[in-house]
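For reference, the structure is listed below as structure tokens.
No lab work stands behind these numbers, since they all come straight from the coordinates. Bear in mind the structure is a predicted one, so any value in this text is a computation, not a measurement. Positions of Cβ are backbone-derived with ideal geometry, glycine not excepted, and every protein chain shown enters the neighbour counts.
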Amino acid sequence: MDIEIRPELQALRERIARTLDDAREEARAKRHGKGYRTARENVADLADEESFQEYGQLAVAAQRSRRDYADLQTNTAADGVITGTCTINADLVGAECGRAGIIVNDYSVLAGSQGFFHHRKLDRICELAMEQSLPLIMFTEGGGGRPGDTDVTTQIAGLNIKSFSTWAALSGKVPRIAVNNGYCFAGNAALFGCADFCIATRNSWIGMAGPAMIEGGGMGKHEPTAIGPIEVQEKNGVVDIVADDEAHATALARQLLSYFQGEVAQWEASPQESLRDAIPEDRRWGYPVRRIIETLADAGSFLELQRIYGRSIITGFIRLEGKPVALIANDCQQLGGAVDATSSEKAARFLQICDAFALPILSLTDTPGFMVGPDSELQGAVRRMSSLFLAGSKLRVPMVAIFLRKAYGLGAMAMTGGSFVAPVFAAAWPTGEFGGMGLEGAVRLGFKRELEAEQDLVAREELFQQLVARMYEVGKASEAASYLELDAVIDPAETRTVVLRALAAVRKT
């Protein structure tokens, strides 16, 4: 028997239907024709099934005075941005820990531009996130501010909106992840850049102004694909992770968020015995430290940020027995592991974010120290390198330091929160070596007279190597530990156990 539906409920159903993809066939086909997904398809993939609660779905662009209202309901659906609450990863971390808010800009509505009600919706979800401690994921595709909202007659420039400050004010309060695919210009780019973590697809162009604004500023005509292509924004550190497409970006966003949501019950780990031979016997040789990280971490749990920016320090997340841990590590295959100005700032910002959200930190140290020389000073080394000490001094979360090999000078101290006594536990592998500066430099400086006195070049080199070997014996891990400059020397195969024991001793706040 057919159940009669009251006319007002039927009208509501029809009104809601006009905001959905089935009623917007042309817009959906255009997105699919470019190989992109619709905004609602991204929402469905991001949020756990049946968990999304939408806010402001019936909004339209503030253009009733210039356009047909029925047209606005379909072609400016939700005023170009879908916002709401949901759970993400609830199957891994539980419903309470899975609580989240999402913001998905809809490029099929007026090129994803930001209008009057669009901003009102952004403010509403950001304020709710602040009140309820909801992490936020925002898809940022869009062209910035919208000049055509003619219904708004009580403002001139429209610069008294709160959206940018409201979004920025969440910094350090809740994790914020920005995801971009396609064009992201002006106001949309400002929101993208304010996020704690930025993911973008290979089909992304991100800039603080789009073509129209650039031309209007007298700086010539430029195609949108010439403005902030992904190749540029990955190299300069604007983008943390590059994704293949929207599906991949969404999966990365879910994984990245999970480290801030808590422990997972299911995990696997590789056999740890291979770590005993991970460091080459010749101390001058490099090695792939990512292989060590992937062995230490729970299988499949390592997620790296900014891989090709600030390359001499690796930053990212791992899990140990399901527990999320932030990680920094020197890459001896880049600058010999020396800490340069760019990697210092990269690591400092990473530590600040992880500290704000109470993630413990593991430092895998193998560095000859800070990168020095005239070229380094041209990069503002003094100020930029010091940022790593500033970040370390403010850490409230526990850090565990594992010295894989070289630990020299100020650079090694900066990698461990500013001092070898700053970590809750500092241990070395047997291959560890320590000193106020690199052994070779220390010999050249400290034994300059003796070396210059030897006129025969072959004999001089032999003397040099003897002095280096002698200093190595003095500064090797077991000797440093005997003077209590570190807490222990450990079997590399026991590193996971050592780190977990150290973190287990930390008082939970």
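For the stretch 75-83, just list the computed ³J(HN,Hα) in residue order, Karplus coefficients 6.51, -1.76 and 1.60, θ = phi - 60°, integers in Hz, with x standing in for Gly and Pro.
Once θ is set to phi - 60°, the couplings for the stretch 75-83 become 8, 10, 3, 6, 6, x, 8, 9, 10 Hz.
Please work out which option in (1) 95, 54, 48; (2) 87, 56, 37; (3) 97, 60, 38 gives Cα extents along the principal axes in Å calculated from these coordinates, and answer with its label.
(3)
Too long at a 27 Å Cα-Cα cut-off: which of Lys30/Lys121; Lys448/Lys476; Lys30/Lys162; Lys173/Lys346; Lys121/Lys221; Lys346/Lys448?
Pairs exceeding 27 Å: Lys30/Lys162; Lys121/Lys221; Lys346/Lys448.
Per residue of the stretch 317-326, in order, report the coupling 6.51 cos²θ - 1.76 cosθ + 1.60 (Karplus, θ = phi - 60°) as ³J(HN,Hα) in whole Hz, putting x for Gly and Pro.
Result, rounded to whole Hz: 10, 9, 10, 10, 6, x, 8, x, 9, 7.
Please work out whether the stretch 312-463 counts as rounded, prolate or oblate from its C-alpha gyration tensor, where a ≥ b ≥ c are the square roots of the eigenvalues and a/c under 1.5 means rounded, while otherwise a/b larger than b/c means prolate and anything else oblate?
Since a/c reaches 1.5 and a/b is larger than b/c, the shape of the stretch 312-463 is classed as prolate.
Restricting to DSSP H runs of at least four residues, report the calculated mean residue ellipticity at 222 nm for the chain, -39500 (n - 2.57) per run over all residues, nearest 500 deg cm²/dmol.
-11000 deg cm²/dmol
Within the stretch 251-303, report the GluC sites (Glu not before Pro) that DSSP leaves as loop and that have at most 16 other Cβ atoms within 10 Å. Before the final figure, lay out each step's value.
On the way: sites: Glu263, Glu268, Glu273, Glu281, Glu294; in loops: Glu263, Glu268, Glu281.
Those satisfying the criteria are Glu263, Glu268, Glu281.
What does the charge dipole of the stretch 14-258 about its Cα centre add up to, to the nearest 20 debye, if the Cβ of each Lys and Arg holds +1 and the Cβ of each Asp and Glu holds -1?
Working: 24 positive and 32 negative charges, 135 e Å.
So the magnitude is around 640 debye.
Which listed residue (Pro271, Val43, Pro175) has the Cα farthest towards the positive end of the charge dipole for the chain, taking +1 on Lys and Arg C-beta and -1 on Asp and Glu C-beta about the Cα centre?
Of the options given, the answer is Pro175.
So what are the ³J(HN,Hα) numbers for the stretch 208-224, from phi and the Karplus equation (6.51, -1.76, 1.60; θ = phi - 60°), rounded to whole Hz, Gly and Pro as x?
Whole-Hz 3J(HN,Hα) from phi for the stretch 208-224: 6, 8, x, x, 5, 5, 5, 5, x, x, x, 10, x, 8, 9, 5, x.
With +1 on each Lys and Arg Cβ and -1 on each Asp and Glu Cβ, and nothing else charged, work out how big the dipole of the stretch 140-264 is about its Cα centre, in Debye to the nearest 20.
Charge dipole, the stretch 140-264, about its Cα centre: 320 debye, nearest 20.
What ranking do 50-62, 26-38 get when scored by the average of other Cβ atoms within 10 Å per residue, highest first?
Listed from highest to lowest mean packing, they are 50-62, 26-38.
Would you be so kind as to identify which of Asn160, Gln132, Gly115 lies farthest towards the positive end of the dipole of the stretch 114-192, taking Lys and Arg as +1 and Asp and Glu as -1 on Cβ and the Cα centre as origin?
Checked the options; the winner is Gln132.
Among rounded, prolate and oblate, which fits the stretch 295-392 when a ≥ b ≥ c are the square roots of the eigenvalues of its C-alpha gyration tensor, a/c under 1.5 means rounded, and a/b larger than b/c means prolate?
On the way: a/c = 2.60, a/b = 1.68, b/c = 1.55.
The shape class here is prolate.
Dipole size in debye (nearest 20) for the chain around its Cα centre, Lys and Arg Cβ +1, Asp and Glu Cβ -1? Numbers along the way, then the final one.
Details: 53 positive and 66 negative charges, 247 e Å.
Charge dipole, the chain, about its Cα centre: 1180 debye, nearest 20.
Using amide H atoms built in the peptide plane, which far-off residues or other-chain residues are under 5 Å from Tyr408 H to H?
Thr367, Gly369
Going by average Cβ density within 10 Å per residue, which order do the peptides 463-470, 402-409 take, highest to lowest?
402-409, 463-470
Take the Cβ-Cβ distance between Gln466 and Thr497 as r, set R0 to 45 Å, and report the resulting FRET efficiency rounded to the nearest 0.05.
Step by step, r from the Cβ atoms, then E = 0.70.
Which one of Ser343, Tyr483, Met385 is farthest out on the positive end of the charge dipole of the chain, using unit charges on Cβ (Lys, Arg +1; Asp, Glu -1) and the Cα centre as origin?
In the chain, that residue is Met385.
Which order do the peptides 125-134, 420-429 come out in when sorted by mean C-beta neighbours inside 10 angstrom, highest first?
420-429, 125-134
List the residues, sorted by chain then number, that are 5 or more residues from Ile314 or on another chain and whose placed amide H is less than 5 Å from its amide H.
Distant-sequence amide H within range of Ile314: Ala329, Asn330, Asp331.
How many angstrom lie between the C-alpha centres of the stretch 147-207 and the stretch 1-66?
First find each Cα centre; the distance between them is then 23 Å.
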